[in-house]
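Student: I have a structure here, written as structure tokens, and I will follow up with some questions on it.
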Amino acid sequence: MTKLKLAALAALLLTQGAVAATSVDGAAIADEKAGANWLSYGRTYSEQRFSPLQQITDTNVGDLGVAWYMDLPGQKSLLATPLVVDGVMYFSGGYSVVFAVDTRTGKELWKYDPKTIEAAGDRLRVMWDSNRGVAYWKGRIFVATADGRLNAIDASTGKEVWSVQTVDPKLPYFINGAPRVFKDKVIIGNGGTEWGPLRGYVTAYDTATGKQAWRFYTVPGNPADGFEDETQAMAAKTWNGEWWKHGGGGTVWNGLTYDPDFNRIYIGTGNGSPWNQRIRSPGGGDNLFLCSVVALDADTGKYVWHYQTTPGETWDYNSNMDMVLADLKVDEKPVKALMHAPKNGFFYVLDRATGKLISAEKIARATWAERIDLKTGRPVEAKGARYEDGEELIYPSAFGVHNWHAMSFNPGTGLAYIPIIDVPATFTDKGVNYKQWNSPSFQFDPGLDLLRDDLPLKIDAAALIAWDPVKQQKVWEQKLPGVWNPGTLTTAGNLVFEGRTDGKLLAYRATDGIPLWSTDVGVGVSAPPITFEVDGKQYLALLTGWGGAGVSMAGAITAQHGWAYGMHPRRLIVYSLDGAQKLPKAPPPTFAEALVQDDFKVDEMQAETGSHLFLKNCVTCHGGGAVSGGYAPDLRASQAVVYDEAFKEIVVTGSRVQQGMPRFHELTDADLKAMQHYIRRQARKATVAAQLGK
Ligand code: CA
């Protein structure tokens with residue numbers, strides 16, 4: 001070998017040394033300063049979704065263009081936060097299919113399909129196709145499936161290494177959340193409280209073997225079986241009646257934060273099962289640990305402290321939203337803070353050393369409570385908020401002021417960027433026989449009367465706000481379309497990025513909220529953007545899809561955007577300052593045209609019966625009031641519903657299971673007939689297009 005060749009080889013080795021493969025472990029995920037990779041759901045353990053990258057800034061962001069894109073045919077909901085490790089992107093799509101993509105070429109490296117539909121059985125009824133993301137630890141990818149499995153995959157090949165079932169398959173648990181990893185453990189929770197008598201819990205598994213390390217239950221079980229430990233006995237004192245018959249609830253379906261400073265896991269817990277506390281825990285009680293932030297020892301899963309945001313909840317005001325860690329200065333004193341904006345409309349700052357409440361203020365309309373008493377840490381509830389005298393119009397609705405769409409926090413500006421929803425709901429249990437109420441099994445029933453009719457179409461009921469957590473004040477606000485806007489990203493380039501329900505992606509100046517850049521992606525956005533760097537260049541990436549509970553249940557509120565089922569392409573889009581690709585033209589917004597069937601005479605009694613059946617079986621995909629927001633076909637426009645045989649073939653026989661339509665084998669011909677009357681009745685109401693004047 002010549003000297004020249006040796007020098008070239010040495011130079012090559014040096015370059016390779018400089019970009020040596022990242023060992024994705026606890027130190028790497030905790031590193032706030034390294035910006036090239038995006039190693040965890042919230043980028044780092046702090047869940048701040050803040051990137052220190054600053055090639056793209058508030059002065060040049062207008063130059064962003066499409067560097068490359070990847071079509072994702074067959075996908076519906078795309079909600080995931082992609083991860084990037086050394087130039088390879090990993091993300092989950094519908095039904096937890098995982099993709100690995102080379103970000104230098106935009107080419108798919110491998111695809112892993114856990115065959116969720118085949119494994120789901122009746123659980124197809126209680127879940128959506130959605131999945132919010134994967135975790136990465138020491139060369140392995142972890143993804144959970146809607147049917148309750150947690151799977152480990154080899155990151156270089158996409159081959160499954162191990163798979164464990166984390167739930168009792170006979171119960172309507174599902175998983176659509178992203179696992180988190182710490183100290184050779186991977187943790188996951190679950191959801192499903194609206195569909196059956198569930199008891200919430202999280203489980204940590206050994207990343208190498210899949211062996212269970214520990215499990216923590218969020219609500220106490222049946223006292224006759226004995227409590228697992230003194231924590232469960234303590235929680236049981238806050239319950240009344242025979243709560244265990246209804247499961248209790250408190251599922252941990254989204255927020256999980258590992259805190260390396262204290263070696264703790266914070267879990268955000270869900271609402272009660274059922275929502276209606278009069279059924280769940282007659283006589284009241286705080287019902288621990290519903291709607292709480294609970295701190296657990298990361299090694300043992302043992303309880304450390306808790307803070308309950310909504311004691312005795314009865315509105316679905318869960319605390320499953322993300323929990324963001326930051327060092328704040330409060331009253332001139334440094335505080336290791338935890339920030340949390342749950343559904344109930346307040347923004348909480350906790351001292352995470354002790355779990356003590358530092359401050360809490362409303363970030364939007366929240367009429368259920370007047371304020372949070374800082375002495376007791378408890379809400380001062382408004383009169384009538386528990387709809388004890390009949391029905392009550394309350395802000396927020398069960399969609400919450402803030403849902404799972406993650407906020408971001410920028411340590412430079414000191415602000416949190418939160419997508420908020422300003423929609424009320426009428427809460428009532430009129431007509432619900434709560435003394436003899438039966439827990440559903442694989443049917444939607446929160447113990448309230450709701451969603452049998454369409455929701456009022458409201459535009460401009462959402463906003464992106466910048467919130468100062470120390471002053472507990474809004475610094476700026478930008479109105480957003482619709483309600484179901486996705487999570488945010490903030491960067492050291494003084495930027496905030498967020499997609500929107502109307503198919504746009506925007507960049508705002510982080511300090512004052514001035515919009516600096518906007519682009520059309522061709523479909524409503526439900527996923528948060530991320531940023532990463534490869535070969536010295538900063539990129540912005542976004543999955544474009546349309547999904548989640550707000551899309552599938554909110555009727556006209558989401559149908560107003562015209563992202564009709566199956567119409568608009570799903571993609572991964574990657575932007576850079578020199579990007580010059582053009583996206584193919586997307587179809588225009590499309591609105592369902594209800595079929596008019598003149599010879600069908602709607603029987604009001606039948607339609608009323610059908611409305612209850614629709615609520616229990618169909619509403620979670622086909623939409624409130626039978627108005628589809630685009631997650632599933634709009635049944636008012638469906639030919640199949642009109643013909644008895646075709647309707648039965650799909651609903652009872654299950655001819656479209658492969659497309660995600662569950663089988664309802666127990667529904668009788670009379671049930672189907674009643675639902676036809678209901679759907680035809682709804683079809684005669686003004687269409688969304690007519691309401692919009694289109
Ligand atoms: Ca819920």
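Student: For the chain, list the DSSP H helices whose alpha carbon atoms reach 15 Å or more along the long axis and whose average Kyte-Doolittle value is -1.0 or above?
Tutor: Both cut-offs are met by 3-18, 604-617.
Student: Relative contact order for segment 170-268: what is it in percent, counting Cα pairs under 8 Å that are at least 6 residues apart?
Tutor: With pairs under 8 Å counted, the relative contact order is 27 percent.
Student: Rank-order 74-84, 263-273, 99-109 by packing density, defined as the average count of other C-beta atoms within 10 Å over each peptide's residues, highest first.
Tutor: By packing density, highest mean first, the sequence is 263-273, 74-84, 99-109.
Student: Mind ordering 657-668, 330-341 by average Cβ neighbours within 10 Å, highest first?
Tutor: Peptide ranking by packing, descending: 330-341, 657-668.
Student: Using the Cα atoms as the points, what is the convex hull volume per residue of segment 502-622 in Å³?
Tutor: Dividing the Cα hull volume of segment 502-622 by its residue count gives 159 Å³.
Student: Which value in Å does the Kirkwood hydrodynamic radius of segment 350-425 take, with 1/r averaged over all unlike C-alpha pairs and then inverted?
Tutor: One decimal place: 14.4 Å for the Kirkwood radius.
Student: Neighbouring Cβ atoms within 10 Å as the yardstick, rank Ile358, Ile465 fewest first.
Tutor: Ile358, Ile465
Student: Further question: Taking the dipole about the Cα centre of segment 604-693, with the C-beta of Lys and Arg at +1 and of Asp and Glu at -1, give me whichever of Ala670, Ala683, Val651 is farthest to the positive side.
Tutor: After comparing all options, I get Ala683.
Student: Still on this structure: Counting Lys and Arg as +1 and Asp and Glu as -1, each charge on the Cβ, what is the dipole of segment 286-359 about the Cα centre in debye, to the nearest 20?
Tutor: Details: 7 positive and 10 negative charges, 26 e Å.
My answer is approximately 120 debye.
Student: Could you give the semi-axes, largest first, of the ellipsoid that matches the chain, computed as the square roots of 5 times the alpha carbon gyration tensor eigenvalues and rounded to whole Å?
Tutor: Computed over the chain, the values are 38, 31, 25 Å.
Student: Grab the other residues whose beta carbon is less than 9 angstrom from that of Arg264, score K and R as +1, D and E as -1, and report the net.
Tutor: -2
Student: Give the relative contact order (percent, whole number) for segment 272-350; include only Cα pairs under 8 Å separated by 6+ residues. Before the final figure, lay out each step's value.
Tutor: Working: 134 pairs, mean separation 18.1, N = 79.
With pairs under 8 Å counted, the relative contact order is 23 percent.
Student: Another question, if that's okay. Report, in deg cm²/dmol and to the nearest 500, the calculated mean residue ellipticity at 222 nm for the chain, where each DSSP H run with n ≥ 4 adds -39500 (n - 2.57) and the sum is divided by the residue count.
Tutor: Numbers: 13 runs with 93 residues, N = 694.
Result for the chain: -3500 deg cm²/dmol, rounded to the nearest 500.
Student: As an exercise, find the ratio Rg/Rh for segment 411-523 from alpha-carbon atoms, using the Kirkwood inverse-distance average for Rh.
Tutor: Using Cα coordinates only, the ratio equals 1.14.
Student: Projecting each Cα onto the charge dipole of the chain (Lys/Arg +1, Asp/Glu -1 at the beta carbon, about the Cα centre), which of Asn433, Trp476, Ser319 comes out farthest on the positive side?
Tutor: Looking along the dipole axis, the top candidate is Trp476.
Student: Identify the residues of segment 533-575 with backbone N under 20 Å of a label point that sits 7 angstrom from the Cα of Ala686 along the Cα-to-Cβ direction, or state none.
Tutor: The answer is 554-563, whose backbone nitrogens lie closer than 20 Å to the label point.
Student: Based on other C-beta atoms within 10 Å, arrange Leu124, Leu516 from fewest to most.
Tutor: Leu516, Leu124
Student: Evaluate the charge dipole of segment 604-693 about its Cα centre and quote only its size in Debye, nearest 20, assuming +1 on the Cβ of each Lys and Arg and -1 on the Cβ of each Asp and Glu.
Tutor: Charge dipole of segment 604-693: 260 debye, to the nearest 20.
Student: One-quarter of the Cα convex hull surface for segment 272-327, in nm²? Display every interim value, and only then the final one.
Tutor: Values: hull surface 18.9 nm².
If I average the Cα hull's projected area over directions, I get 4.7 nm².
Student: A follow-up question, please. Ordered by residue, what ³J(HN,Hα) values in Hz, to whole numbers, does segment 261-274 give under the Karplus form 6.51 cos²θ - 1.76 cosθ + 1.60, where θ = phi - 60° and Gly and Pro are x?
Tutor: 5, 10, 6, 10, 10, 9, 10, x, 9, x, 6, x, 10, x
Student: Just how large is the dipole of the chain about the Cα centre, in debye to the nearest 20, putting +1 at every Lys and Arg Cβ and -1 at every Asp and Glu Cβ?
Tutor: Details: 70 positive and 75 negative charges, 177 e Å.
The calculation lands at about 840 debye.
Student: Further question: Quick check: pseudo-label points 7 Å beyond the Cα along Cα→Cβ at Asn240 and Lys115, how many nm apart are they?
Tutor: So the label points at Asn240 and Lys115 sit 5.0 nm apart.
Student: When you count, for each residue, the other Cβ atoms within 10 Å and take the mean per peptide, how do 342-348, 222-228, 241-247, 379-385 rank with the highest first?
Tutor: Descending mean neighbour count gives 342-348, 241-247, 379-385, 222-228.
Student: Limiting things to C-alpha atoms, what are the Rg and the maximum Cα-Cα separation (Dmax) for segment 653-694, in angstroms?
Tutor: Computed over the Cα atoms of segment 653-694, radius of gyration and Dmax are 14.7, 41 Å.
Student: May I pose another question? Kindly provide the pair-distance distribution of segment 604-693 built from C-alpha pairs, with 10 Å bins from 0 and whole-percent values in order of increasing distance.
Tutor: Result returned by the calculation: 17, 55, 24, 4, 0.
Bear in mind these aren't lab numbers, they're just calculated from the coordinates by the rules spelled out. Here the structure is a predicted model, which is why all the values come from computation and not from measurement. Here Cβ is always computed from backbone atoms with ideal geometry, including for glycine, and neighbour counts include all displayed protein chains.
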